[in-house]
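**Student:** Got a structure for you, written out below as structure tokens; questions coming shortly.
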Amino acid sequence: MSVYLFAKELIRNSGAFIRNRMEESFQVESKSNPNDLVTTVDLETEQYIRAKIKEIYPEHNIVGEEYEADIVDSKSGYLWIIDPIDGTLNFVHQRENFAISIGIYKDGEPYAGLILDVMKDKLVSAEVGKGAFVNDEKLETVKTSHLSDSLVGISHKWLIREDIKAPLIEIVKECRSPRSLGSAALEYAQLIEGRIEAAMFFRLSPWDFSGGKIIGNEVGIITTDFLGRQNNWLEQTSVLATNAVLQKEITDIIKKDDGFILAHDTFHNIHKSDL
Ligand code: 2AM
Ligand code: CA
Ligand code: CA
Ligand code: CA
């Protein structure tokens with residue numbers, strides 16, 4: 001069995017694990033701030049996924065949100081980047097609209113991505129070079145679009161930050177309508193299926209977007225930071241994911257705002273000499 005087929009089976013089984021586990025009580029705690037929640041189900045699911053991978057592939061490296069990462073030699077062998085529950089706030093409040101997200105790299109190159117909408121048991125996945133699928137149905141390349149006819153995923157929380165809001169408000173004004181799902185991975189899944197045209201996140205961690213980036217690439221979704229630069233895929237970064245035409249329109253709006261660029265690069269600790 002290929003690593004990709006193993007990953008597809010594993011993510012479906014992990015979804016079933018969460019659906020069963022949710023029927024019993026679980027604890028909710030906060031991490032960095034009162035709105036940054038983690039539950040015992042996040043922790044148990046990541047442990048479940050890690051154990052299943054290590055059982056079959058003890059030499060594979062794993063980076064996940066909730067536990068310390070393996071010491072990663074990102075250039076050789078397999079590297080799994082895992083978010084056991086993406087959209088923990090939705091998991092706690094809504095009991096739906098959350099996902100398991102997995103990105104797999106092989107010898108430093110993208111190999112496969114998988115995003116499971118847990119309550120719908122709906123899987124968006126791709127093995128690099130073989131196209132993207134929703135369950136067993138192959139997806140078409142996404143259409144290009146302009147801002148004026150596009151739905152754009154963007155969180156309200158970033159729109160109220162004084163130092164970065166100006167170009168983001170312009171994008172919200174100019175687009176057909178903004179959307180915010182509360183799960184970066186599910187927003188990627190919608191993008192890949194052609195249900196929204198762009199998704200923007202001022203700060204994501206690798207496990208939030210590595211799966212989506214790999215799958216999106218199969219259908220013409222380009223992932224960069226807000227300024228159109230390549231993301232550092234092992235660190236926190238801003239993420240803009242969209243088609244080629246809309247990417248230029250959005251980055252043109254952002255790049256004309258020097259104040260935004262300064263605030264963005266200071267926040268992400270990017271120096272001109274790093275580029
Ligand atoms: P999570 O649910 O796995 O934490 C909307 O809240 C999206 O942003 C989700 O994908 C969520 O992932 C992610 N997110 C939440 N808090 C975050 C933080 N402090 N930094 C980066 N991403 C965060
Ligand atoms: Ca979290
Ligand atoms: Ca996440
Ligand atoms: Ca998470």
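**Student:** Let me have the relative contact order for region 57-145, percent, based on Cα pairs under 8 Å that are six or more residues apart.
**Tutor:** Relative contact order, region 57-145: 17 percent.
**Student:** Given a 1.4 Å probe and every protein chain left where it sits, what share in percent of the accessible area of the chain is carbon and sulfur?
**Tutor:** Looking at the chain in its full context, I get 48 percent from C and S.
**Student:** Less than 10 Å Cβ to Cβ from residue 113, Lys/Arg counted +1 and Asp/Glu -1: what total charge do the surrounding residues give? Walk me through the intermediate numbers first.
**Tutor:** Numbers: positive: 213; negative: 127, 218.
That works out to -1.
**Student:** A follow-up question, please. Give me the aspartates and glutamates in straight-line cross-link reach of residue 173: C-alpha distance below 14 Å, same-chain residues under 8 apart excluded.
**Tutor:** Within the straight-line cut-off, residue 173 pairs with 149, 249.
**Student:** While we're here: Which GluC sites (Glu not before Pro) in region 70-144 pass both tests, a DSSP loop state and at most 13 other beta-carbon atoms within 10 Å?
**Tutor:** On the way: sites: 96, 127, 137, 140; in loops: 96, 140.
Hits after loop and neighbour filter: 96, 140.
**Student:** Mind checking which of 112, 69, 90 is farthest towards the positive end of region 67-116's charge dipole, using Cβ charges of +1 (Lys, Arg) and -1 (Asp, Glu) about the Cα centre?
**Tutor:** The one lying farthest along the dipole's positive direction is 90.
**Student:** Mind listing the Cα extents of region 127-177 along all three principal axes, in Å, largest one first?
**Tutor:** 44, 21, 17
**Student:** Let me ask you something else. Considering the alpha-carbon set of region 99-208 alone, what are its Rg and its Dmax in angstrom?
**Tutor:** Every Cα atom of region 99-208 included, Rg and Dmax give 15.2, 45 Å.
**Student:** If you place +1 on the Cβ of every Lys and Arg, -1 on the Cβ of every Asp and Glu, and leave all else neutral, what size is the dipole of the chain about its Cα centre, to the nearest 20 Debye?
**Tutor:** Around 520 debye, computed over the chain.
**Student:** Sticking with this one: Calculate for the chain the 222 nm mean residue ellipticity that helices alone would give, adding -39,500 (n - 2.57) per DSSP H run of length 4 or more and normalising by residue count, nearest 500 deg cm²/dmol.
**Tutor:** Using -39500 (n - 2.57) per qualifying helix, the result is -11000 deg cm²/dmol.
**Student:** Relative contact order (percent) for the chain, with alpha-carbon contacts under 8 angstrom and 6 or more residues of separation?
**Tutor:** 15 percent
**Student:** If a helix is a whole DSSP H run, which ones in the chain reach 18 Å or further along their own axis (Cα) and hold a mean Kyte-Doolittle hydropathy of at least -0.5?
**Tutor:** TM-like helix candidates: 3-21.
**Student:** Also, quick follow-up: Going through region 1-34, which GluC sites (Glu not before Pro) have at most 14 other Cβ atoms within 10 Å and a DSSP loop state?
**Tutor:** Sites meeting the loop and neighbour criteria: 23, 24.
**Student:** Net charge near residue 227, counting Lys/Arg +1 and Asp/Glu -1 over other residues with Cβ under 10 Å of its Cβ? Provide the component values of the computation, followed by the final result.
**Tutor:** Numbers: positive: 229, 255; negative: 225, 265.
Every neighbour counted, the sum reads 0.
**Student:** Moving to a separate point now. Sorted by packing (mean other beta-carbon atoms within 10 Å per residue), highest first, where do 162-168, 34-40 land?
**Tutor:** Result, highest mean Cβ count within 10 Å first: 162-168, 34-40.
**Student:** Let me ask something else. Keeping all protein chains in the complex and leaving out DNA, RNA and ligands, what accessible area do you get for residue 237 with a 1.4 Å probe, in Å² to the nearest 10?
**Tutor:** Surface open to solvent at residue 237 totals about 10 Å².
**Student:** Would you work out the charge dipole size for region 112-186 about its Cα centre, treating the Cβ of every Lys and Arg as +1 and the Cβ of every Asp and Glu as -1, and quote it to the nearest 20 debye? Show your work: numbers first, answer last.
**Tutor:** Working: 11 positive and 11 negative charges, 33 e Å.
Roughly 160 debye, rounded to the nearest 20.
**Student:** Only sites in a loop by DSSP and with at most 12 other Cβ atoms within 10 Å count here; which GluC sites (Glu not before Pro) in region 197-275 make the cut? Before the final figure, lay out each step's value.
**Tutor:** On the way: sites: 197, 218, 235, 249; in loops: 197, 218, 235.
In loop regions of region 197-275 (DSSP not H, G, I, E or B), the sparsely surrounded GluC sites (Glu not before Pro) are 235.
**Student:** Picking from 190, 264, 168, whose Cα lies most toward the positive end of the charge dipole for region 117-275 (charges on Cβ: Lys, Arg +1; Asp, Glu -1)?
**Tutor:** The residue sitting most towards the positive pole is 168.
**Student:** Next up: When only Cα pairs under 8 Å and 6 or more residues apart are kept, what is the percent relative contact order across region 47-204?
**Tutor:** 17 percent
**Student:** On the principal axes of its Cα set, how long, how wide and how thick is the chain? Give whole Å, largest value first.
**Tutor:** 51, 41, 38
**Student:** In region 1-134, if every C-alpha pair distance is counted and binned at 10 Å from zero, what percent goes to each bin?
**Tutor:** Each 10 Å bin holds this share of Cα pairs: 12, 44, 33, 11, 0.
The values are calculated or read from the model by the stated rules, or taken from the named source; none is laboratory data. These numbers were taken from a predicted model, which means no experiment stands behind them. Please note: Cβ atoms are built from the backbone with ideal geometry, for glycine as well, and neighbour counts cover all protein chains shown. Just so you know, the surface numbers come from the protein's heavy atoms only, side chains and all, with ligands and any DNA or RNA stripped out. Shrake-Rupley method; radii C 1.70, N 1.55, O 1.52, S 1.80 Å.
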